[in-house]
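Data block below; observations after.
The values are calculated or read from the model by the stated rules, or taken from the named source; none is laboratory data. Please read all numbers here as calculations on a predicted model, not as lab measurements. Every residue, glycine among them, receives a Cβ derived from its backbone with ideal geometry; neighbour counts consider all protein chains shown.
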């Protein structure tokens, strides 16, 4: 693995737990990795098909899904869900926003979908996240 100062800025801005493995055997090229990351960061909250994502990298959906998984260690769907959940968690700090609105802005089909997904992957509900964020702001 290259040293941090040898890596491009866009790579270092990715949270460590979500960083791609650059030049993974059978994975996406560095160029395609950068392109799909930019695309997903700008579009994660809208409905995305595998074909939409594959088109960004000029690959068939089948090859894209395999290469993406080798590069990121998760499926494209799992990666998009993580982006949506992260965004929803940030928005939950604002008590003026309803959880329904947050679900919509984050790309979930309903408040129920957000709650079910957050409970499954983060082991908390949106309300629990909101309460923690409000408490940590009040004490900080």
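Of note:
- Checking each residue in region 27-74 for being in a loop (DSSP other than H, G, I, E, B) and within 18 Å of the chain's Cα centre (by Cα) picks out 28, 44, 45, 46, 47, 48, 49, 57, 73, 74.
- Within region 113-134, the residues that satisfy the criterion of being within 17 Å of residue 96 (Cβ to Cβ), surrounded by fewer than 17 Cβ atoms within 10 Å (Cβ to Cβ) and modelled with pLDDT under 90 are 131, 134.
- Checked across region 78-101, the condition of being surrounded by 13 or more Cβ atoms within 10 Å (Cβ to Cβ), part of a loop (DSSP other than H, G, I, E, B), modelled with pLDDT of 95 or more and out of contact with any strand residue (DSSP E or B) (no Cβ under 9 Å at 6 or more places or on another chain) holds for no residue.
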